[in-house]
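Participant: Input: one structure, supplied below.
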């Protein structure tokens, strides 16, 4: 069994607490929520498991080394001594460096990343006679430097491309919600598949897809390739064991307790977006579990409840116009109060003025960020 190592999960702003709970549930130890990140310790098996099963992180970073850093000279020397680079970065492999945080003389991420790059290629030339090349798009190794508190932390990205890209969403709406943010919002709602779930403004279906895949135990990373599969200590047998365990969690239509998945319904007015949603459901393997309907949210008829409503209505940053949107929210609120008594509503709001048009009082307001837009995940108890 491998010794545990320090690691960081990069997560959407506002989802640090549910991400920490998810990581802990999957075996991570010493879990500590930070800002837009969660620090933890993991064995190699746990790190593999997180790549296959964790739904909320953007990236999972394995710390290679941590060393004192109070100047650019200390950074340069510390990087060269950090690990055996002939093993972790042989010259035939490409790499990129990203940096965050500050230290004396290192106040800009691009400059700090350049110092790391220079230290690595200088070491390679001196020790190996040749150097790696930079590839910003598809590097063999993606290194992350974080500076702070007099220390430099140098980590390796195990993910490759962002973990929010599940692979099922070739078709997207006009303002798509990232899959990991959608999964985090569902986790915050507490929906577990035992009561009906509905989205009267479902768009390309991301909230419903992530909810159902979570309820049915469908691991998000099973169809992906990851950078860690090219690492020098990659354990194929251990990887295969974790893949098999993740596959065993999947169920076709029942919950973990054996009960059937409750009704899941989505409504979308735009015919083109609805067609995209149907493609996404098929690609995600959940088309049989989600009933999509064409129609206006004002005409929404909920399935027998009570249950949970989720939605991400337009809020004027990318879609819609002010007066039209205010009318939409007012009509949405009227429909909910008329037809959905006893249900819970979770609504993603990026515009408090529009949310006010619902004429409903939120019982919880959870700050999150959606594509850089400051939002609130609002909970209402519909009476």
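Participant: Determine which member of the set 224, 213, 218 is over 13 Å from the mean Cα position of the chain (by Cα), part of a loop (DSSP other than H, G, I, E, B) and surrounded by 22 or more Cβ atoms within 10 Å (Cβ to Cβ).
Facilitator: The unique qualifying residue is 218.
Participant: Being over 29 Å from the mean Cα position of the chain (by Cα) and surrounded by fewer than 20 Cβ atoms within 10 Å (Cβ to Cβ) is the filter here; which residues of region 335-355 pass it?
Facilitator: Passing the criteria: 335, 337, 338, 339, 341, 342.
Participant: Kindly indicate whether residue 41 is part of a strand (DSSP E or B) and in contact with a strand residue (DSSP E or B) (Cβ under 7 Å, 6 or more places away or on another chain).
Facilitator: Yes.
Participant: Residues that are over 21 Å from residue 376 (Cα atoms) and outside the structural domain of residue 189 (by TED's automatic domain parsing): list the helices (runs of 4 or more DSSP H) wholly contained in region 235-354 that include at least 1 such residues.
Facilitator: Result: 236-248.
Participant: Assess whether residue 196 counts as being over 18 Å from the mean Cα position of the chain (by Cα) and either within 26 Å of residue 371 (Cβ to Cβ) or surrounded by 18 or more Cβ atoms within 10 Å (Cβ to Cβ) (or both).
Facilitator: The answer is yes for residue 196.
Participant: Got at least one residue in region 177-192 being part of a strand (DSSP E or B) and touching a strand residue (DSSP E or B) at 6+ places or on another chain (Cβ under 6 Å)?
Facilitator: no
Participant: Out of (1) in contact with a helix residue (DSSP H, G or I) (Cβ under 6 Å, 6 or more places away or on another chain); (2) in contact (Cβ under 8 Å) with a residue 60 or more places away in the chain; (3) over 30 Å from residue 119 (Cα atoms), the odd one out for residue 22 is which?
Facilitator: With (1) in contact with a helix residue (DSSP H, G or I) (Cβ under 6 Å, 6 or more places away or on another chain); (2) in contact (Cβ under 8 Å) with a residue 60 or more places away in the chain; (3) over 30 Å from residue 119 (Cα atoms) applied to residue 22, the lone miss is (1).
Participant: Moving to a separate point now. Considering region 277-309 alone, what residues qualify as being under 15 Å from residue 204 (Cα atoms) and crowded, with 22+ Cβ neighbours inside 10 Å?
Facilitator: Within region 277-309, 277, 280, 281, 284, 286, 290 meet the criteria.
Participant: Which pairs turn up if I take residues in region 345-368 that are under 20 Å from residue 305 (Cβ atoms) and look for partners that are assigned to a helix (DSSP H, G or I) and at pLDDT below 95 with beta carbon separation below 6 Å, at least 6 apart in sequence or on another chain?
Facilitator: 358/329; 358/333; 360/333
Participant: Then there's this: Tell me the residue from 136, 120 that is within 27 Å of the chain's Cα centre (by Cα) and either surrounded by 21 or more Cβ atoms within 10 Å (Cβ to Cβ) or in a loop (DSSP other than H, G, I, E, B) (or both), please.
Facilitator: Selected residue: 136, the only one of 136, 120 that is within 27 Å of the chain's Cα centre (by Cα) and either surrounded by 21 or more Cβ atoms within 10 Å (Cβ to Cβ) or in a loop (DSSP other than H, G, I, E, B) (or both).
The values are calculated or read from the model by the stated rules, or taken from the named source; none is laboratory data. None of these values were measured; they are calculated from a predicted model. Cβ coordinates were reconstructed from backbone atoms using ideal geometry, including for glycine residues, and neighbour counts include every protein chain displayed.
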